[in-house]
1. Which one of these does LYS42 not meet: (1) part of a strand (DSSP E or B); (2) over 16 Å from LYS91 (Cα atoms); (3) more than 16 Å from the ligand (Cβ to nearest atom)?
2. Look at VAL54 and say whether it is among the β-branched types (Val, Ile, Thr) and surrounded by 14 or more Cβ atoms within 10 Å (Cβ to Cβ).
3. Restrict the check to the range 85-94 and report whether at least one residue is of a type in the set (S, T, N, Q) and either open to solvent by less than 40 Å² (accessible area, probe 1.4 Å) or more than 16 Å from the ligand (Cβ to nearest atom) (or both).
4. Whether any residue in the range 62-73 is within 16 Å of HIS14 (Cα to Cα) and open to solvent by 20 Å² or more (accessible area, probe 1.4 Å) is what I want to check.
5. For the range 51-60, give me the residue count where each residue is assigned to a loop (DSSP other than H, G, I, E, B) and either without any contact (Cβ under 8 Å) to a residue 40 or more places away in the chain or within 15 Å of the ligand (Cβ to nearest atom) (or both).
6. Tally time: how many residues in the range 61-106 are free of Cβ contacts under 8 Å to residues at least 12 places away in the same chain and outside any loop (DSSP other than H, G, I, E, B)?
7. Going through the range 1-32 one residue at a time, which ones are of a type in the set (Gly, Ala, Ser), surrounded by 12 or more Cβ atoms within 10 Å (Cβ to Cβ) and under 16 Å from ASP82 (Cβ atoms)?
8. For the range 5-24, what are the residues that are within 13 Å of the ligand (Cβ to nearest atom) and in a strand (DSSP E or B)?
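The values are calculated or read from the model by the stated rules, or taken from the named source; none is laboratory data. Predicted model, so just to flag it, every value in this text is computed and none were measured. Note: ideal-geometry Cβ built from the backbone for every residue, glycine included; neighbour counts use all protein chains shown. To get the accessible areas, we keep the full protein, side chains included, count just its heavy atoms, and leave off ligands, DNA and RNA. Shrake-Rupley method; radii C 1.70, N 1.55, O 1.52, S 1.80 Å.
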Amino acid sequence: MEGMLCRKQEMESHSKKAATRSWQNVYCVLRKGSLGFYKDGKSASNGIPYHSEVPISLGEAVCEVAHDYKKRKHVFKLRLGDGKEFLFQAKDEAEMSSWIRSIHSS
Ligand code: I3P
């Protein structure tokens with residue numbers, strides 16, 4: 001699965017808040033066990049990552065609706081094994097559910 005999501009990093013590790021905390025539009029590409037970020041679909045097809053970011057590994061990742069985040073709608077949370085935590089905002093409920101389902105089965 002791939003598509004545009006708005007992303008915010010909350011945590012850098014289990015005990016450290018992320019330094020860069022603004023919401024950014026990123027084109028997300030889900031592959032078996034990893035999630036890569038690109039500026040847009042074209043950059044994704046050319047394999048040029050967003051700000052040279054390495055795809056995140058989804059081993060031990062937990063993905064769920066961000067019920068505790070009230071400022072935006074259709075937001076889900078992705079917590080990685082190393083403690084990094086991201087929020088992602090989808091355009092609607094259906095898109096959010098598809099991402100959560102796909103991340104669970106990836
Ligand atoms: C952040 C930006 C985020 C905000 C975050 C700010 O500032 O305003 O939108 O998160 O608040 O630090 P900057 O753009 O200067 O990095 P929310 O939208 O969730 O409020 P936070 O540090 O309380 O997470």
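1. If we test LYS42 against (1) part of a strand (DSSP E or B); (2) over 16 Å from LYS91 (Cα atoms); (3) more than 16 Å from the ligand (Cβ to nearest atom), just (1) comes out false.
2. Details: among the β-branched types (Val, Ile, Thr): yes; surrounded by 14 or more Cβ atoms within 10 Å (Cβ to Cβ): no.
Against the criterion (among the β-branched types (Val, Ile, Thr) and surrounded by 14 or more Cβ atoms within 10 Å (Cβ to Cβ)), VAL54 does not qualify.
3. Within the range 85-94, none of the residues are of a type in the set (S, T, N, Q) and either open to solvent by less than 40 Å² (accessible area, probe 1.4 Å) or more than 16 Å from the ligand (Cβ to nearest atom) (or both).
4. Yes.
5. Taking the range 51-60 first, the residues assigned to a loop (DSSP other than H, G, I, E, B) are 53-55, 58-60.
After this cut, where a residue has to be either without any contact (Cβ under 8 Å) to a residue 40 or more places away in the chain or within 15 Å of the ligand (Cβ to nearest atom) (or both) as well, the list is 53-55, 59-60.
The total comes to 5.
6. Filtering the range 61-106 down to residues free of Cβ contacts under 8 Å to residues at least 12 places away in the same chain leaves 67-68, 70-71, 94, 97, 101, 105.
Then drop every residue that is not outside any loop (DSSP other than H, G, I, E, B), which leaves 94, 97, 101.
Count: 3.
7. Let us first name the residues in the range 1-32 that are of a type in the set (Gly, Ala, Ser), namely 3, 13, 15, 18-19, 22.
Going one step further and asking which of them are surrounded by 12 or more Cβ atoms within 10 Å (Cβ to Cβ), we end up with 3, 13, 18.
Correct list: SER13, ALA18.
8. Passing the criteria: CYS6, ARG7, LYS8, GLN9, GLU10, MET11, LYS17, GLN24.
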